[in-house]
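Rule-based calculations on the coordinates, nothing more; no lab input. This structure is a prediction, so every number in the text was calculated from the model and none was measured. Cβ placement follows ideal geometry from the backbone for every residue including glycine, while neighbour counts extend to all protein chains displayed.
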Amino acid sequence: MLLAIDTSAGTSVAVVDRDAGILSELNESDTRRHAEVIGILIQAALRDAGVAVTDLSGVAVGMGPGPFTGLRVGIAAARAFAFGAGKPVVPVVSHDAVAFSRAVPTLVVTDARRREVYWSAYSGSDAEGLPIRAGGPGLTPPDSLADSVPDFADYERVDAAVVSAASLGLVAELLYLHHRPFAGGEALYLRSPDVTLSAGPKRVS
């Protein structure tokens, strides 16, 4: 049984179980309220599911792609909760949750801000029901999407305002069940930070 968190777009928190399915899910689409609502949603998701922290086997978290400010809220919350509960963190590519259970070729698109979008292309699902990523994740201006995605016309486009934490958790459960690798431990920002350290000490005149 997993607590699942994704803040790569809006904020989504869920409790899922491989056998029982989705026990609870709460979503907030406002991308300016990640830090404000994440704790409330975690508490409510556990309450609605009737699940104690000790019942959980881990915490699944979406690693993006997503904008820095929002994405780091979910990852930090997942890591802090998991540390306090003594549970492992299970990282999952956020776009995989959007493509989950879709059998047709699918192009997942989410807002990257600054007049850009994140994209991932999927050819369908494998025998275990897990999405097969054919391209991406990538970052591009919206009007360049067709040029950035090979065979763009072959995909059914899905624009996601919120990435379902329930789907994310179910992907994590299937990855574990079928001994598939999880996502890496680094967030997928796909963009250099706005602030960088200077090469040396600042001169004082």
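Table for the structure above
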quantity: Span-like helix ranges in the chain, DSSP H, alpha carbon extent 24 angstrom or more, Kyte mean at least -0.5; calculated: 68-85
quantity: Long-range tail of P(r) for segment 79-157 (Cα pairs > 14 Å, %); calculated: 63 percent
quantity: Around ALA85: net Lys/Arg minus Asp/Glu count, Cβ-Cβ under 12 Å; calculated: +1
quantity: Order by protection proxy (mean Cβ within 10 Å, highest first), peptides 183-189, 159-165; calculated: 159-165, 183-189
quantity: For q = 0.17, 0.22, 0.23 Å⁻¹, Debye-computed log10 I/I(0) when each Cα of segment 19-108 counts as one equal scatterer; calculated: -0.84, -1.33, -1.41
quantity: Cα-Cα separations in segment 110-152 greater than 14 Å, expressed as whole percent; calculated: 50 percent
quantity: Cα-Cα separations in the chain greater than 29 Å, expressed as whole percent; calculated: 24 percent
quantity: Percent antiparallel among DSSP beta bridges (both partners in segment 2-177, rounded to 5); calculated: 70 percent
quantity: Simple Cβ-charge dipole of the chain, Lys/Arg +1 and Asp/Glu -1, about Cα centre, in debye nearest 20; calculated: 920 debye
quantity: In range of the label at PHE152: residues from segment 49-85 whose backbone nitrogen is under 17 Å from the point 7 Å along Cα→Cβ; calculated: none
quantity: Residue-averaged 222 nm ellipticity for the chain, from DSSP H runs of 4+ at -39500 (n - 2.57), nearest 500; calculated: -8500 deg cm²/dmol
